[in-house]
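Worksheet: one structure, shown below.
The values are calculated or read from the model by the stated rules, or taken from the named source; none is laboratory data. The model shown is predicted, which means the values in this text are computed figures rather than measured ones. Here the Cβ is made from the backbone with ideal geometry for all residues, glycine too, and neighbour counts use every protein chain on show. The protein model used for the area step is the full one, side chains on, heavy atoms only, and it has no ligands, DNA or RNA in it. Shrake-Rupley method; radii C 1.70, N 1.55, O 1.52, S 1.80 Å.
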Amino acid sequence: MKPFAAVLAIVALVLGFSILFRSGSGAHPSQAEMESLLVCTTCHEPVDESVSPLAQQMKAEIRRQIAAGWSKSRIENYFVAALGPQVLAVPGS
């Protein structure tokens, strides 16, 4: 019975960590969601509506970050650090 309890405890731990890392603010955002939350700092349009070269670079970077498993807040923080707070469509989010 002890091996079963140990396996059950490990499964519970893994599931608990899985839920912990997936929940919360900004877990696994979509490309469209992130593009609508960020503003191109050269044309001042939302990234999802802009065709500027910077917006195209931002879209590519968002795609890379999502593929790498970044959270919404981590992506926002990256762009704020790189381009300033004016990159956020909703300030202070």
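Go through the stretch 76-90 and give me each residue that's buried (at least 17 other Cβ atoms within 10 Å of the Cβ) and under 16 Å from Arg63 (Cα atoms). Write out each step before concluding.
At the first step, the residues of the stretch 76-90 found to be buried (at least 17 other Cβ atoms within 10 Å of the Cβ) are 76, 79, 83, 87.
If the condition is that a residue be buried (at least 17 other Cβ atoms within 10 Å of the Cβ) and under 16 Å from Arg63 (Cα atoms), then Glu76, Phe79 are the ones that fit.
Which of the residues that make up the stretch 53-93 are in a loop (DSSP other than H, G, I, E, B) and either within 15 Å of Pro29 (Cα to Cα) or touching a helix residue (DSSP H, G or I) at 6+ places or on another chain (Cβ under 9 Å) (or both)?
Ala68, Gly69, Trp70, Ser71, Ala89, Val90, Pro91, Gly92, Ser93 - these are the residues of the stretch 53-93 that are in a loop (DSSP other than H, G, I, E, B) and either within 15 Å of Pro29 (Cα to Cα) or touching a helix residue (DSSP H, G or I) at 6+ places or on another chain (Cβ under 9 Å) (or both).
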Please enumerate the residues belonging to the stretch 36-67 that are touching an Asp or Glu at 6+ places or on another chain (Cβ under 8 Å), more than 17 Å from Gly84 (Cα to Cα) and open to solvent by less than 30 Å² (accessible area, probe 1.4 Å). Ser52
Output the number of the condition that Lys2 fails; it satisfies all remaining conditions of (1) at negative phi; (2) at pLDDT 95 or above. (2)
